[in-house]
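One structure below.
The values are calculated or read from the model by the stated rules, or taken from the named source; none is laboratory data. What you see is a predicted model; the values in this text were computed from it and never measured. Positions of Cβ are backbone-derived with ideal geometry, glycine not excepted, and every protein chain shown enters the neighbour counts. Side chains included, ligands, DNA and RNA excluded: accessible areas come from the protein's heavy atoms. Shrake-Rupley method; radii C 1.70, N 1.55, O 1.52, S 1.80 Å.
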Amino acid sequence: MASAQSIDTVPDWDGIGFISSFGVPNTATYGQTITAPATPAMLRAFDVRINPQGAEIPFKFYVYEWDPTSDRATGGQLYASSVQTTEAVSQFQTYGVSGLSITLEPGKQYVLFASVSETSGSDSNARWASVGDGSYAGGRFVFTNNGTNVSAWTSGTWSNIARDLAFTADIQYVGLPAAPNLTAASAGDGQARFELSLSDSGSAPLQQYSISCESQGDAVGASASGASSPLVVTGLTNGTSYDCTATATNTDGLTGPESNVVTVTPKAAPVAPKPVPTLSQWGILLVSGVLAAMAMLGMARTGRRRG
């Protein structure tokens, strides 16, 4: 089950490793190739880490399809950002774009890159944060010394070295189910019963709901799954509050976003009080006691006469 296949090599970066030099009159274009997942998806955002070495460098981000055979961008331009400018500092900062809706065809490769080819600026030798080759198996760092010749992106062969950029790419699958609507039907002894509904199962019919309850205290959480509503989550600790959410998964194996949060507090069933005898029952008990006492008294007298 999955909702996204985002890429993040930043945790592999030691905070020091870099590739240089980016900008005029050095290498005009730096990029990273990626491979689209096997399921239809969209690229929503990506970012890199740049140390401009004290220079204000105007540049733009781009996205193209990538031809791994000829090592070049191919096809039409899928995206071009507005001009961004680095701050005049000598430390690594994050630069990127978001709010994208770029369709990625399953299995194809793409190149996410930045370039100074269409912007003007002073000479620079900016550094880009990088990690060892193999940190991301689906692509690699690529570059081209194309100067201001933007047609070289698709006509010339790009170069590469055995490194990956320290970058992130937010990739979301297409056809996800909607977030379910979750309501608590009841909270009982060590359990809670939930009702669920779904407005859209996405690209395929609903396969199952999954509910996860996380304790607000130190108690262990619990979960449950099933093909239909209602669902009962067991194994909860009485008197402890739990924040519960649900997701829906369709038969394509795609899981949508989490539902609203529902808080429940299970509690043990109250102990039934012992019944209090009614007046008539008290009367019966009293008469029964008197008769028993009289019977015992009579037996005692009979015993004395025989003696």
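Okay, here's what the table says:
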{"quantity": "All strands (runs of 3 or more DSSP E) inside the range 1-114 with 2 or more residues being polar (S, T, N, Q) and more than 22 Å from Asp170 (Cα to Cα)", "calculated": "18-22"}
{"quantity": "Count of residues meeting criterion [part of a strand (DSSP E or B) and in contact with a helix residue (DSSP H, G or I) (Cβ under 7 Å, 6 or more places away or on another chain)] in the range 133-149", "calculated": "1"}
{"quantity": "Number of the condition not met by Thr265 [criteria: (1) at pLDDT below 70; (2) touching a Gly at 6+ places or on another chain (Cβ under 8 Å)]", "calculated": "(1)"}
{"quantity": "Unique match (being open to solvent by 50 Å² or more (accessible area, probe 1.4 Å), over 23 Å from Ser135 (Cβ atoms) and hydroxyl-bearing (Ser, Thr, Tyr)) among Ser81, Ser101", "calculated": "Ser101"}
{"quantity": "Qualifying positions in the range 160-181 - under 17 Å from Gly253 (Cβ atoms), in a strand (DSSP E or B) and open to solvent by 10 Å² or more (accessible area, probe 1.4 Å)", "calculated": "Gln172, Tyr173"}
{"quantity": "Criterion violated by Gly132 - all others in (1) modelled with pLDDT under 95; (2) open to solvent by 60 Å² or more (accessible area, probe 1.4 Å); (3) closer than 28 Å to Gly17 by Cβ satisfied", "calculated": "(2)"}
{"quantity": "Test: residue in the range 213-220 that is among the polar types (S, T, N, Q) and surrounded by fewer than 14 Cβ atoms within 10 Å (Cβ to Cβ)", "calculated": "yes"}
{"quantity": "Some residue of the range 52-75 being within 14 Å of Trp128 (Cβ to Cβ) and in contact with a Lys or Arg (Cβ under 9 Å, 6 or more places away or on another chain)", "calculated": "yes"}
